[in-house]
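K.L.:
One structure coming up, written as structure tokens, with questions to follow.
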Amino acid sequence: MGLDLSFFTWDLARNFLIGGLIFSVVLTLVAMTGGIFFGTLLALARLSDRPWLAFPAAGYVNAMRSVPLVMVILWFFLLIPFLIGRPIGAEWSAVITFTAFESAYYSEIMRAGVQSVARGQAAAGFALGLTYAQSMRLVVLPQAFRNMLPVLLTQTIILFQDTSLVYAIGAYDLLKGFETAGKNFNRPVEAYTLAAVVYFVICYSLSGSVRRLQRRMAVVR
Amino acid sequence: MIEIRNVSKWFGAFQVLKDCSARVDKGEVVVVCGPSGSGKSTLIKCVNALEPIQEGEITVAGIPVTDPKTDLPKLRAKVGMVFQHFELFPHLSIMQNLTLAQVRVLRRTREEANEKALKLLDRVGLRDQAQKFPGQLSGGQQQRVAIARALAMDPLAMLFDEPTSALDPEMINEVLDVMVELAHEGMTMMCVTHEMGFARKVAHRVVFMDGGEIVEDASKEDFFGKPRSERAQLFLSKILQH
Ligand SMILES: Nc1ncnc2c1ncn2[C@@H]1O[C@H](COP(=O)(O)OP(=O)(O)O)[C@@H](O)[C@H]1O
Ligand SMILES: [Mg+2]
């Protein structure tokens, strides 16, 4: 039995895949932006010498990092409507879940990033009269972010792969697009194979860019 | 200008400062010296509350540093500090290093801040480096930029923590020259340094620390003439050998 790819046409891509691809990419970008933002706040809370900030932050991060993502996806899907008192679509549920989940991972990266910046940098900021928030925002975090850029991007590639887990709540992403096309044309094996190739090409070329970026940063330093 | 009264400080169980008292009057240059690990850096950081203290009191220009109600950022903006390892912001250009706090803390306009920065860069002989980044400058140049950055805030007093000890020998003088000029202009200065030539030239008083204590606080003439404590004599004989 050979693979018959003749069913794969631009029409099919337009009808089944583009919408899914757009959702996967948007979900990745939103979860990345939100995840880095909240992750940075979590990292700062964790590094704080105030226990009432550090403990809850550490607890949240460790909890998120200790459970399978697919469980969190299902759990949030059931929990959020209960919390806000009305049903919420699979798409919004996915956005909220991925942001919350990825925050934990990005926070560990940003924590390492903040620690990679010499302590004297924050002190120099304070000595000039900058507040804690200003020292972080203007002095420490830009350097932390820059030092961690390759790792942050690598995490984002993993995030893109993980977005396929929204199948669990029935959201229509890139993988779901392939699956639906496969069902419609009765070609599931070919559809999943193509899906794998597409994910591979996207992620492999992105990690190639990260490697190039890493080399360039190594030269600059 | 700076008053340190009966200050004690602990890192955990380790007492790093033991009942230290010292003062720096307006326009005075006080050099703080002593063996490594004696608590000099810690003491000078306490002056602008970069380190908290457990006992005693510090005031700067009459403002109690140790009072929890004191607006620390506002106070620190009036006290310049120069670090052993420069601590220029590597992601910002020299110009941005000099204008950041002027704009964000003193709320100067960008034009005012730029003008001030260029004037100070001129003064430390680095105007032509304004657009470079710290990593492109030599250690001596970076430390001169760091001094200019502190001066851009129009400080009431300047704190120096071993500003030349991370420098290659041939760059020490370019930094000391800037400091001497500053002293001659009447800047209030508290300098942790082992540069005894600098101390002889501009210091009014010398404070000698050992083991977290201020062992000696003497006029320059007395300190170099005949230090009273044995520990100070030993220290001087060691560092004046070379
Ligand atoms: N953050 C810290 N935590 C614990 N011990 C410290 C800390 N900073 C300094 N010390 C200790 O305090 C002592 C004095 O340090 P320091 O003020 O840096 O001395 P100096 O500047 O005179 O060489 C040293 O024994 C040092 O190991
Ligand atoms: Mg020191």
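K.L.:
Kindly indicate which of B:96, B:102 is open to solvent by 60 Å² or more (accessible area, probe 1.4 Å), outside any loop (DSSP other than H, G, I, E, B) and within 14 Å of another protein chain (Cβ to nearest Cβ).
P.N.:
Just a single option satisfies the conditions, and that option is B:96.
K.L.:
Take residue A:80 and tell me if it is open to solvent by less than 20 Å² (accessible area, probe 1.4 Å) and closer than 25 Å to residue A:159 by Cβ.
P.N.:
yes
K.L.:
Let me ask another. Could you count how many residues in the range B:13-29 are surrounded by fewer than 23 Cβ atoms within 10 Å (Cβ to Cβ) and either within 18 Å of residue B:217 (Cα to Cα) or within 16 Å of ligand 2 (Cβ to nearest atom) (or both)?
P.N.:
Residues flagged as surrounded by fewer than 23 Cβ atoms within 10 Å (Cβ to Cβ) and either within 18 Å of residue B:217 (Cα to Cα) or within 16 Å of ligand 2 (Cβ to nearest atom) (or both) within the range B:13-29 amount to 11.
K.L.:
Only residues that are crowded, with 16+ Cβ neighbours inside 10 Å and of a type in the set (Ser, Thr, Tyr): list them for the range B:31-49, please.
P.N.:
B:38, B:41, B:42
K.L.:
To continue, here is another question. Of the residues A:126, A:145, A:185, which is open to solvent by 60 Å² or more (accessible area, probe 1.4 Å) and within 14 Å of chain B (Cβ to nearest Cβ)?
P.N.:
A:145
K.L.:
Can you pull out every residue in the range B:50-81 that is open to solvent by less than 20 Å² (accessible area, probe 1.4 Å) and either within 14 Å of chain A (Cβ to nearest Cβ) or not in a strand (DSSP E or B) (or both)?
P.N.:
Correct list: B:60, B:65, B:75, B:77, B:79, B:80, B:81.
K.L.:
Next up: Out of the range A:107-123, which residues are out of contact with any Phe, Trp or Tyr (no Cβ under 8 Å at 6 or more places or on another chain) and more than 13 Å from chain B (Cβ to nearest Cβ)? Reasoning before the result, please.
P.N.:
Keep residues of the range A:107-123 that are out of contact with any Phe, Trp or Tyr (no Cβ under 8 Å at 6 or more places or on another chain), which gives A:108-109, A:111-112, A:114-119, A:122.
Scanning the range A:107-123 gives A:108, A:109, A:111, A:112, A:114, A:115.
K.L.:
Quick one: in the range B:126-176, of everything that is of a type in the set (S, T, N, Q) and more than 18 Å from the chain's Cα centre (by Cα), which residue is surrounded by the fewest Cβ atoms within 10 Å (Cβ to Cβ)? If you could, list the steps in order and put the result at the bottom.
P.N.:
Of the range B:126-176, the ones of a type in the set (S, T, N, Q) are B:129, B:131, B:136, B:138, B:141-143, B:164-165, B:173.
Checking the rest, the ones that are also more than 18 Å from the chain's Cα centre (by Cα) come to B:129, B:131, B:136, B:138.
Details: B:129: 20, B:131: 10, B:136: 12, B:138: 13.
Going through the qualifying residues, I end up with B:131.
K.L.:
List the helices (runs of 4 or more DSSP H) inside the range B:178-240, counting only whole elements, that have at least 1 residues being modelled with pLDDT under 90 and surrounded by 21 or more Cβ atoms within 10 Å (Cβ to Cβ).
P.N.:
On the way: elements: B:196-202, B:220-225, B:230-240.
Those helices (runs of 4 or more DSSP H) span B:220-225, B:230-240.
K.L.:
Okay, moving on. Within the range A:129-142, restricting attention to residues that are within 19 Å of residue B:93 (Cβ to Cβ) and more than 8 Å from chain B (Cβ to nearest Cβ), which residue is most open to solvent (accessible area, probe 1.4 Å)? Walk me through how you get there before you give the answer.
P.N.:
To start, the set of residues in the range A:129-142 that are within 19 Å of residue B:93 (Cβ to Cβ) comprises A:130, A:134-135, A:137-142.
The next check asks that each one be more than 8 Å from chain B (Cβ to nearest Cβ); those that pass are A:135, A:137, A:140-141.
On the way: A:135: 0, A:137: 135, A:140: 5, A:141: 33 Å².
Looking at the filtered set, the residue picked out is A:137.
The values are calculated or read from the model by the stated rules, or taken from the named source; none is laboratory data. Bear in mind the structure is a predicted one, so any value in this text is a computation, not a measurement. Positions of Cβ are backbone-derived with ideal geometry, glycine not excepted, and every protein chain shown enters the neighbour counts. The protein model used for the area step is the full one, side chains on, heavy atoms only, and it has no ligands, DNA or RNA in it. Shrake-Rupley method; radii C 1.70, N 1.55, O 1.52, S 1.80 Å.
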